[in-house]
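S.K.: Sharing a structure below in structure tokens format, with a few things to ask.
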Amino acid sequence: MTTHSTFSARDAAFVRDFHTMSEFGATENGGVDRQAASVPDGQQRQWLTGLLEANGFTVRFDRAGNQWGLYEAVPGAPFVVVGSHMDSQPTAGRYDGAYGVLAAAHAAFRLVEQWAAAGDAGQPRFNIAVVNWFNEEGSRFKPSMMGSSVYTGKLALETALDTTDTQGISVREALDSIGCRDDYDGPAAAYCAEIHIEQGRSMEREGITIGLVQSSWAANKYEFVVHGEQAHTGSTVIADRKDALLGAAMLVVAARELADRFSGALHTSVGELTVYPNSPVVVPSRVNLLLDLRSPDEAVLAQADALLHGRIPEIERAANITVERSRSHSWPVTPYPTEGVELAAKVAADLGLSSKLVMTLAGHDSINMKDLVPTVMLFVPSVDGISHNEHEYTTDEDIVAGLAMLTEVVNRLCNGVLEG
Ligand SMILES: [Zn+2]
């Protein structure tokens, strides 16, 4: 590992904590596997509790499993909420989400220290809350961004808690098994900030350190169930087959053809196929398939969506199956508040960090939060744009620069810079 003699002791401590944190659920190839409410997710949450408490924060879990580190400098005032998520996809990278939570914690520690040193005149107007949102990834329990959706009132608590994974374990049971659910609703928020890796390569390509997220891509996510009929793969004549996997494969290809048709303006994918019975000599009778469409342009998304649904009768005929659309989850293109983007641009300039406006292609908890309170979303570069992959990487220089950036944004939010 490179040593950075230019890092301050605090920056070096942050990098050290980052590497310690990456041990939870570490995989052989340098990534992590920390799906929501799994054992490593629970261990990492405990570790975060220890870190927050050692720095004078009170830690609480809310009803939806979100982990809060609270510091009340101004009794009774609402909180600037800063954080991200520590859960991961299976065999994922170390930076996605986890970087944002640790950066939030260290930013908060620095501010609390500043306030302690500043005396009466240097007290903030708002308190600070570090948050580790539950189940942002949605790999084990769907939908994604679950904890922030409950906190912002977009998803009913009971619906979230009743959600089960493929083993039939509910969110309620999983959270209780790692001791991360309590009778608490979370603090009252005044503002929110989140920092995350870009998960794309546009910043790296242009040599930019800080991305100022101005809006999110729209997304439509579907679960389709393809119904066929179980049969012998040898003895059943082809004309008689109702092959659910063949129908699913046609949907996979149809999604890709749409992306090619709208080249660049549409991303589509099928990320999960569950084949039943998934047995060597059996024509599959059922396939559950998760398909998503994303675009920066809602008109393109609507057109692609209509084209996709238009293809379904054709696929049903060709594969002799039926396609049922079960769950769906979508969000529109939504801007982040301009005043937050302007604040972040000013902070980057004041700190001498290069910045540019970016859109986020991926979903983030801040997309929920920005509908509740003014929210600032920041990116640091991803080397080669690699994400949801064990080789995800951001340089130590960039994670440290992002921490400095986040600290100053949160400092100004706590001081009421956006108060009218
Ligand atoms: Zn993430």
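S.K.: Just want the answer: with Cβ charges of +1 for Lys and Arg and -1 for Asp and Glu, which residue in S148, V39, V282 is farthest toward the dipole's positive end in the chain?
M.R.: The listed residue farthest towards the positive side: V282.
S.K.: Per residue of the stretch 137-147, what does 6.51 cos²θ - 1.76 cosθ + 1.60 with θ = phi - 60° give for ³J(HN,Hα)? Whole Hz please, x for Gly and Pro, Karplus curve as stated.
M.R.: 6, x, 7, 8, 10, 9, x, 5, 6, 5, x
S.K.: Ratio to report: Rg/Rh of the chain, with Cα atoms as the point set and Rh obtained by the Kirkwood method; give two decimals.
M.R.: Using only Cα positions, Rg/Rh for the chain is 1.01.
S.K.: Work from the charge dipole of the stretch 133-247 (Cβ charges, +1 for Lys and Arg, -1 for Asp and Glu, about the Cα centre) and give the residue of Y191, Q214, V171 farthest towards its positive end.
M.R.: Q214
S.K.: While we're looking at this one, here's another question. Where does the charge balance sit around R125 when Lys and Arg score +1, Asp and Glu -1, over other residues with C-beta under 15 Å from its C-beta?
M.R.: Details: positive: R412; negative: E72, D120, E419.
Taking every other residue near R125 into account, the sum is -2.
S.K.: Can I ask one more? Using alpha-carbon positions, what is the distance between the centroids of the stretch 92-122 and the stretch 307-358, in Å?
M.R.: For the stretch 92-122 versus the stretch 307-358, the Cα centre distance is 29 Å.
S.K.: Helix 298-319 against the longest principal axis of the chain: what's the angle in degrees, Cα atoms only, rounded to the nearest 10?
M.R.: Long axis of 298-319 versus the principal axis of the chain: about 30 degrees.
S.K.: Going out from 0 in 5 Å bins, what whole percent of all Cα-Cα distances in the stretch 27-120 drops into each bin?
M.R.: 3, 12, 21, 24, 17, 10, 7, 4, 2, 1, 0
S.K.: Now, a different point. Assign one of three labels to the stretch 126-232, namely rounded, prolate or oblate, based on the Cα gyration tensor with a ≥ b ≥ c the square roots of its eigenvalues; rounded applies when a/c is under 1.5, prolate when it is not and a/b is larger than b/c, and oblate otherwise.
M.R.: In terms of gyration-tensor shape, oblate.
S.K.: How charged is the neighbourhood of N415? Take every other residue with its Cβ under 15 Å from the Cβ of N415, and add Lys/Arg as +1 and Asp/Glu as -1.
M.R.: Working: positive: R110, R125, K346, R412; negative: D120, E339, D350, E408, E419.
Residues close to N415 contribute a combined charge of -1.
S.K.: Continuing with this model, one more query. Treating only the Cβ of Lys, Arg, Asp and Glu as charged (+1, +1, -1, -1), what charge dipole size does the chain show about its Cα centre? Round to the nearest 20 debye.
M.R.: 480
S.K.: What dipole magnitude, in Debye to the nearest 20, does the stretch 1-127 give about its Cα centre under +1 on Lys/Arg Cβ and -1 on Asp/Glu Cβ?
M.R.: Dipole about the Cα centre, nearest 20: 180 debye.
S.K.: Another one. Using Cα centres only, tell me the gap between the stretch 1-73 and the stretch 387-420 in whole Å.
M.R.: Cα centroid of the stretch 1-73 versus Cα centroid of the stretch 387-420: 15 Å apart.
S.K.: Explain nothing, just the number: relative contact order of the stretch 1-60, from Cα pairs under 8 Å at least 6 residues apart, as a whole percent.
M.R.: 18
S.K.: Let me ask something additional. Taking only the alpha-carbon positions of the stretch 376-418 and ignoring solvent, what does the Debye formula give for the base-10 log of I(q)/I(0) at q = 0.14, 0.17, 0.26 Å⁻¹?
M.R.: Debye intensities relative to I(0), on a log10 scale: -0.42, -0.56, -0.89.
S.K.: Something else now. Let me know the shape class of the stretch 4-49, please: from the alpha-carbon gyration tensor, a ≥ b ≥ c as square roots of the eigenvalues, rounded when a/c is under 1.5, otherwise prolate if a/b is greater than b/c, or oblate.
M.R.: Since a/c reaches 1.5 but b/c is at least a/b, the shape of the stretch 4-49 is classed as oblate.
S.K.: Now for a separate question. Helix 9-21: angle to the longest alpha-carbon principal axis of the chain, degrees 0 to 90, nearest 10?
M.R.: The two axes meet at around 30 degrees.
S.K.: In the neighborhood of S355, defined by Cβ-to-Cβ distances under 13 Å, what is the net charge if each Lys or Arg adds +1 and each Asp or Glu adds -1?
M.R.: Summing Lys/Arg as +1 and Asp/Glu as -1 gives -4.
S.K.: May I ask for the angle, rounded to the nearest 10°, between helix 244-261 and the longest principal axis of the chain, with both axes built from Cα atoms and the value confined to 0 to 90°?
M.R.: 60
S.K.: Say each of T233 and R16 gets a label point 7 Å from the Cα, pointing the same way as Cα to Cβ; how far apart are those two points in nm?
M.R.: Here the answer is 5.5 nm between the modelled labels.
S.K.: Let me ask something else about it. Quick one: of the DSSP bridges fully inside the chain, what percent are antiparallel, nearest 5?
M.R.: If I count the DSSP bridges inside the chain, around 65 percent turn out antiparallel.
S.K.: Here is a follow-up. Between T6 and E272, what FRET efficiency follows from the Cβ-Cβ distance if R0 is 41 Å, with the result rounded to 0.05?
M.R.: On the way: r = 44 Å, r/R0 = 1.07.
In this case the efficiency is close to 0.40.
S.K.: Give the Rg/Rh ratio for the stretch 227-286, taking Rg as the radius of gyration of the Cα atoms and Rh as the Kirkwood radius, to two decimals.
M.R.: Reported Rg/Rh, Kirkwood definition of Rh: 1.12.
S.K.: When 1/r is averaged over all different Cα pairs and the result inverted, which Kirkwood radius in Å belongs to the stretch 52-96?
M.R.: Over the stretch 52-96, the inverse of the mean reciprocal pair distance is 12.8 Å.
S.K.: Enumerate the calculated ³J(HN,Hα) couplings along the stretch 405-413 in order (Karplus 6.51 cos²θ - 1.76 cosθ + 1.60, θ = phi - 60°), each rounded to whole Hz, writing x wherever the residue is Gly or Pro.
M.R.: Once θ is set to phi - 60°, the couplings for the stretch 405-413 become 5, 4, 4, 6, 4, 5, 4, 5, 5 Hz.
S.K.: Looking at the square roots a ≥ b ≥ c of the eigenvalues of the Cα gyration tensor of the stretch 295-385, which shape do they give, rounded for a/c under 1.5, prolate if a/b is larger than b/c, or oblate? Could the numbers behind the result be given before it?
M.R.: Values: a/c = 3.44, a/b = 2.64, b/c = 1.30.
Verdict is prolate for the stretch 295-385.
S.K.: Sketch the reach of a paramagnetic label on Q167 as a point 7 Å from Cα along Cα-to-Cβ, and name the residues of the stretch 7-43 whose backbone nitrogen lies under 14 Å away.
M.R.: 34-42
Read the figures in this text as sums done on the coordinates, not as results from a lab. On a predicted model such as this, the values are computed, not experimentally measured, just so you know. Every residue, glycine as well, gets a Cβ built from its backbone with ideal geometry; the counts of neighbours run over all protein chains shown.
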